[in-house]
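Okay, structure first, notes after.
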Amino acid sequence: MASHRLIIDDMVEFLDLEIPPREEILKPWLFSQGTAMIHAYRGIGKTHIALGVACAVSTGGSFFSWQASKAHRVVFVDGEMPAITVQERLKAQFAAMRKVPEPGFFRLISRIAKQGDNPADRRERSDAIDLVPRVATRRFEAWPICIFWVTLVVRW
């Protein structure tokens, strides 16, 4: 894993560094090592956009006129929508795209317990949600795209 410590450089030395360019993940606006935010009034379609972006990025596909450079691993964190709604929207999105991500390329963290779960599984998901602030503060090489959605982010 790459080091994330701060380094003090002389400006002249810094300008001479060979820094690799940022990777274009969803052309033309989503790059590695970046942050993006979707903001709008309730009911406008923020979740549809976020899920569409996640689906395109995880499959190497496109959403609207935006094209993914290749398939990237995605973690989608949902903290407010009913699981059935997220499931319906994902099914519709992947059906419209006519492709699904390879296993392990789209992960979903949800606060909604599945029907028939045992308590240990619910605790595992709860622990995963507790991990979200730590994940959000780091860039993990295995998960370059992490889409945090909903009120969970606001409560940090």
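Laboratory data are not the source of any read-out in this text; all were calculated from the coordinates shown. Computed from a predicted structure; not experimentally measured. Heads up, the Cβs are rebuilt from the backbone with ideal geometry, glycines too, and the neighbour counts pull from every protein chain shown.
Check residue 77: other-chain or 5+ apart residues with amide H under 5 Å from its amide H, H built from backbone geometry?
Amide H neighbours of residue 77, under 5 Å, 5+ apart: 109, 147, 148, 149.
Starting from the Cα-Cα distance between residue 15 and residue 102, subtract it from 0.36 nm times their residue separation and give me the gain in nm to one decimal. Could you put the intermediate results ahead of the total?
Details: separation 87, 0.36 × 87 = 31.32 nm, distance 3.99 nm.
This chain segment gains 27.3 nm when fully extended.
Could you line up 30, 6, 108 from fewest to most neighbouring Cβ atoms inside 10 Å?
With the sparsest Cβ surroundings first, the list reads 6, 108, 30.
Restricting the count to DSSP beta bridges whose residues both fall in segment 25-109, what percent are antiparallel, rounded to a multiple of 5?
Antiparallel bridges make up about 55 percent of those DSSP assigns within segment 25-109.
Which cross-chain or sequence-distant (5 or more) residues have an amide H under 5 Å from the amide H of residue 30, H modelled 1.01 Å from N in plane?
25
Please list 3J(HN,Hα) in residue order for segment 62-70, calculated via the Karplus relation 6.51 cos²θ - 1.76 cosθ + 1.60 where θ = phi - 60°; whole Hz, with x for glycine and proline.
10, 9, 6, 9, 8, 10, 6, 5, 5
Within a 10 angstrom radius of the beta carbon, how do 5, 73, 107, 22 rank from fewest other beta carbons to most?
The order, fewest Cβ neighbours first, is 5, 22, 107, 73.
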